[in-house]
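For reference, the structure discussed in these notes is given below.
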């Protein structure tokens, strides 16, 4: 099965994430804003219909995305972490001049739909709770050393 075949049943969702909130662009073009906290994550996940196969794409934001990634994966959704550099170049190539959170979520949505179908994006590996704990401890220890 090619990436193109996999797209047939996928619904792509673009997320532009920040410290306190994130903007979401759904496959049908609708948009919503959620708080970047446990309550917001639950509301976002609830907004994803259970019968569909969602692929949620976001850019790395220095860690603001981590709790959302884990919540989505725990709920059984696939997540892609797309290069901000590649998304920005895509936006420029597509003629997006204005820049705001709503537009960024739409660009991420379009980018993921286009690039995933071409086999240019990979779904994130799901990390176990133990792995996440080890990773957090390791990061904390590295910060203590520097």
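The figures follow:
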| item | result |
| --- | --- |
| Leading residue by the ranking (surrounded by the fewest Cβ atoms within 10 Å (Cβ to Cβ)) among those in the range 92-108 that are farther than 18 Å from residue 29 by Cβ and at pLDDT 90 or above | 93 |
| Checklist (1) under 19 Å from residue 125 (Cα atoms); (2) in a strand (DSSP E or B) applied to residue 62, failing item | (2) |
| From the options 113, 50, 19, 99, residue that is over 29 Å from residue 131 (Cα atoms) and in a loop (DSSP other than H, G, I, E, B) | 99 |
| Lone unmet requirement of (1) crowded, with 19+ Cβ neighbours inside 10 Å; (2) not in a helix (DSSP H, G or I) for residue 120 | (1) |
| Residue match in the range 71-91 (condition: under 26 Å from residue 131 (Cβ atoms), assigned to a loop (DSSP other than H, G, I, E, B), over 11 Å from the mean Cα position of the chain (by Cα) and at pLDDT below 95) | yes |
| Residue list for the range 73-82, restricted to those being surrounded by 15 or more Cβ atoms within 10 Å (Cβ to Cβ) and either over 12 Å from residue 125 (Cα atoms) or free of Cβ contacts under 8 Å to residues at least 24 places away in the same chain (or both) | 75, 82 |
| Where residue 117 falls short, out of the listed (1) under 26 Å from residue 136 (Cβ atoms); (2) touching a residue at least 60 places away in the same chain (Cβ under 8 Å); (3) touching a helix residue (DSSP H, G or I) at 6+ places or on another chain (Cβ under 7 Å) | (1) |
| The range 32-47, residues that are touching a helix residue (DSSP H, G or I) at 6+ places or on another chain (Cβ under 6 Å) and part of a strand (DSSP E or B) | 34 |
| Residue identified as surrounded by 16 or more Cβ atoms within 10 Å (Cβ to Cβ), modelled with pLDDT under 95 and either closer than 24 Å to residue 117 by Cβ or over 15 Å from the mean Cα position of the chain (by Cα) (or both) among 10, 50 | 10 |
| In the range 53-72, the residues that are surrounded by 16 or more Cβ atoms within 10 Å (Cβ to Cβ) and over 20 Å from residue 20 (Cα atoms) | 54, 55 |
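The values are calculated or read from the model by the stated rules, or taken from the named source; none is laboratory data. What you are looking at is a predicted structure, and each value in this text was computed from that prediction instead of being measured. Here Cβ is always computed from backbone atoms with ideal geometry, including for glycine, and neighbour counts include all displayed protein chains.
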